[in-house]
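Here's the structure we're looking at; comments come further down.
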Amino acid sequence: MSPPRVLVIGAGFAGVECLHRLERTLRPEEAELVLVSPEDYQLYLPLLPHVAAGLLTPQSIAVSLRRRLRRTRYAPGIAVGVDHERRHVTVRAPEGHERALRYDILLLAAGSTTRLLGIPGVREHALGMKTLAQAAYLRDHVIGQLDAAAVATDPAERAERLRFLVVGGGYAGTETAASLQLLTSAAVRRFPRLDPAEPSWHLVDIAPRLLPEIGERLGDDALRALRARGIEISLGTSVARLTPRSVELTDGRVLPTRTLVWTAGVAASPLMTTVETELARGRLVTTAEMAVPGAPGVFAVGDAAAVPDLAKGGDAVTPPTAQHSQRQGKAVAYNIAARLRGTAPRPYYHRDLGLVVDLGDKYAVSRPLGIGLTGLPAQAVARGYHLAALPTLTARARVLVNWTLKAATGDDFVSTGFQRGRPATLPQFEHAELYGSGGADAAPPEPE
């Protein structure tokens, strides 16, 4: 008789941390562990802006699943449907065919996709910062705009190519704007035909404050630091329409540009809608033990789940952060093992340990354990936190060496061309277009 199968969907912080714990907790005869993911690595998402800016190589933050998970069977593909009554998940393989994987216990840790808000042109023309491919593409695109501007004879085209916009004043957007502005400021010196004052960066957000999650004082410190670098920041403003060569803002301004990076929030993976249980803003509603009511044997964690935040109380749910995802992965591993062994589960409880925002150029804002820091001390805390949070010693060594080499030798500002020719839209990079084209409503083959 085969052991019960624990099927995990998603190789992010929560999914991989759960499997890592289960490998150490459960004996092989107690459970078969299976992971479904389109990629064979765990991405350390908080350092994506460093990849886009050239501080880190892509491999530095792509942690091999085979290095970290020694007993888990990896099944490449994208989960597109869940049938909790028949206990199977429909998976689309890289070649395009679908198969059904059975489970005894299912963990949904499929993460999130970029929230597009239905604004005309964003789906077709905006660039993203959610995947490793997007970060590499964005770096190539920015350097390519400098190359094209340097040979442009039309002043209007030159201005379009040298204006860059980032939408979203949270962690991802602020760090992306800060990192890439430093990239263009350094790179433009290698282009004799470009004036170093020509490239301009704009950060746009509908919120009235920058980085509201980190507190008013630190948010204002970050605002002043970015404006001192020449980044124009427009708060209380959003995008009304985007075209290939301009963006119209809600305050009426029309800015010529060929680059808009969209980081205005995330939405739970569309896979959650196929489970057919209660949702809260697209996230699966769970108990404090991370079980999904109405779906026996199903757990959900991370960005895909609305897990009660017991530290805040009331109706609060945990925010979609890497810190919560990683700790939920550890907690749900205990509860899955408890389910298999017939013991009592534990509710998830975690008090926020603090927040870090690395703005580069020896500056950051950080709030470790509620203590506000700015400047170089904050950056030391931010980078120390990232090094500690990386899941393997190999990843930590690669990141530390990359940071050191960049500080010592600078950047060559090379456009690799690895992503040239591929569709650049946000849904295609994030596989969001797969949902609704089969999945749970299709007739899958017999479960494996």
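The values are calculated or read from the model by the stated rules, or taken from the named source; none is laboratory data. The model shown is predicted, which means the values in this text are computed figures rather than measured ones. Positions of Cβ are generated from backbone atoms using ideal geometry, with glycine treated the same way; all protein chains shown enter the neighbour counts.
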Open item on the list: Of everything in the range 336-390, what is surrounded by fewer than 19 Cβ atoms within 10 Å (Cβ to Cβ), aliphatic (A, V, I, L, M) and in a loop (DSSP other than H, G, I, E, B)? Give them in sequence order.
Closed with: A344, L353, L369, I371
TODO: Just one of (1) assigned by TED's automatic domain parsing to the domain that holds S179; (2) in contact with a Leu (Cβ under 9 Å, 6 or more places away or on another chain); (3) under 29 Å from Q181 (Cα atoms) trips up A322, so point out which.
DONE: (1)
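Filter the range 292-308 down to the residues that are of a type in the set (A, V, I, L, M) and not in a loop (DSSP other than H, G, I, E, B), then identify the one that is modelled with the lowest pLDDT.
Initial filter on the range 292-308 (of a type in the set (A, V, I, L, M)): 292, 295, 298, 300-301, 304-307.
Filter again for not in a loop (DSSP other than H, G, I, E, B), leaving 298, 300, 304-306.
Details: V298: 98, A300: 98, A304: 91, A305: 97, A306: 97.
If we take residues in the range 292-308 being of a type in the set (A, V, I, L, M) and not in a loop (DSSP other than H, G, I, E, B), then A304 is modelled with the lowest pLDDT.
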- [ ] Go through the residues of the range 121-143 one by one and say whether even a single one is touching a Lys or Arg at 6+ places or on another chain (Cβ under 9 Å) and not in a helix (DSSP H, G or I).
- [x] yes
Task: Odd one out for A228 among (1) touching a residue at least 12 places away in the same chain (Cβ under 8 Å); (2) out of contact with any strand residue (DSSP E or B) (no Cβ under 6 Å at 6 or more places or on another chain); (3) among the small types (G, A, S) - done: (1)
- [ ] Please state which of the following conditions A440 fails to meet, knowing it meets all the rest: (1) aliphatic (A, V, I, L, M); (2) at pLDDT 90 or above; (3) part of a helix (DSSP H, G or I).
- [x] (2)
TODO: Count, please, the residues in the range 24-57 that happen to be surrounded by fewer than 18 Cβ atoms within 10 Å (Cβ to Cβ), part of a helix (DSSP H, G or I) and touching a residue at least 40 places away in the same chain (Cβ under 8 Å).
DONE: 1
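Within the range 87-102, identify whether any single residue is surrounded by fewer than 17 Cβ atoms within 10 Å (Cβ to Cβ) and in a strand (DSSP E or B), and answer yes or no.
Our first condition is that a residue be surrounded by fewer than 17 Cβ atoms within 10 Å (Cβ to Cβ); within the range 87-102, this holds for 93-97, 102.
Then keep just the ones that are in a strand (DSSP E or B); that gives 102.
Checked against the condition, which is being surrounded by fewer than 17 Cβ atoms within 10 Å (Cβ to Cβ) and in a strand (DSSP E or B), the range 87-102 yields at least one hit.
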TODO: Give A79, A75, A62 a once-over and let me know the one that is within 19 Å of the chain's Cα centre (by Cα), surrounded by fewer than 22 Cβ atoms within 10 Å (Cβ to Cβ) and hydrophobic (A, V, I, L, M, F, W, C).
DONE: A62
Task: Options T72, T57: the member that is β-branched (V, I, T) and either farther than 27 Å from P391 by Cα or modelled with pLDDT under 95 (or both) - done: T57
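If only one of L165, L132 is modelled with pLDDT of 95 or more, of a type in the set (A, V, I, L, M) and at negative phi, which one is it?
Numbers: L132 fails: modelled with pLDDT of 95 or more.
Only one candidate passes the filter, namely L165.
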